[in-house]
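Take a look at the structure below.
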Amino acid sequence: MADSPFIHSNYTLRLCQLRELTQAEIIAMSQTLAQMEPWLTLNYSAKTLANYLGCQDPSLHQYGITSPTQQVTGVICIRYPWLRGPYIELFAVSHSQQGQGIGRDIINWLVTELRQNTNLHNLWALVSEFNHEAQHFYQKMGFVEMAQLDDLVVTGYNEILLRKVLTSSS
C-alpha cells in the first residue's frame, strides 16, 4: 500500500494552492459560505460553518483554496477514510473565481493523489438536489449518481450521493 493521501498541509496546484486556513480566514470564509448555495437555502449559520472548518478531526482534511495572490477564494474538506475512498464533504469556490478551472484543477489533484494508493477505488461527493450547478460540475468531472437521500441534511431537501470510480484512465 502506498502512502496515505492528504499527509501534507500545503499543496501547490496548477491554478491555486491548498493550505491550512488561519482562524481569521475561517471566520471570513464561514461568513461567505453562509451566503452561498447550498448553505444559504439549508440555513447554515456562519458560526456553524466556522465550527466545522475549525474542528480538529484526524479524518477530516480541511484546505483553504488560495489564488496566486494568496487571497482565500474557497475551501475543500475531504473525509478520509470513507467507503474505499475519500468523501468531498464540503467544496466551495467563490463566485468571482468560478468558471476558471479551479474546481477541475482540484478534482484532478484529488485523482492524482488517490492513484498513489492502489487500494482506493472511489471518490465520493454529496450535492443538494436543488444545486444544479454543482451537479453539472461533478457530472463533467466523471461522477455518477448513486442514490438520492431524502431529508438527509434538512427536512424537505434531498441530497444526491455521487461517486467517481478511480481507474487508470479516470
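In the set (i) 16.4; (ii) 15.5; (iii) 17.7, the label that goes with Kirkwood radius over Cα pairs in Å computed for this structure is (i).
Highest mean packing first, where packing is the average number of other Cβ atoms within 10 Å per residue, the peptides 20-29, 6-15, 72-81 line up as 72-81, 20-29, 6-15.
With contacts taken as Cα pairs under 8 Å and at least 6 residues apart, region 1-140 reaches a relative contact order of 24 percent. The distance linking region 75-100 with region 10-74 is 10 Å (Cα centroid to Cα centroid, whole angstrom). When both bridge partners sit in the chain, DSSP labels roughly 95% of those beta bridges antiparallel.
Shape class of region 102-170 from the alpha-carbon gyration tensor: prolate, with a/c at 1.5 or above and a/b greater than b/c. Think of each Lys and Arg Cβ as +1 and each Asp and Glu Cβ as -1; about the Cα centre, that makes the dipole of the chain roughly 440 debye. Here's the picture: charge each Lys and Arg Cβ at +1 and each Asp and Glu Cβ at -1 in the chain, and of S96, G142, S30 the one pushed furthest to the positive end of that dipole is G142.
Read-outs throughout are calculated quantities, based only on the coordinates presented, and are distinct from any laboratory measurement. Just so you know, these numbers come straight off a predicted model, no measurement behind them. Don't worry about glycine lacking a Cβ; one is built from the backbone with ideal geometry, like all the others, and counts go over all protein chains shown.
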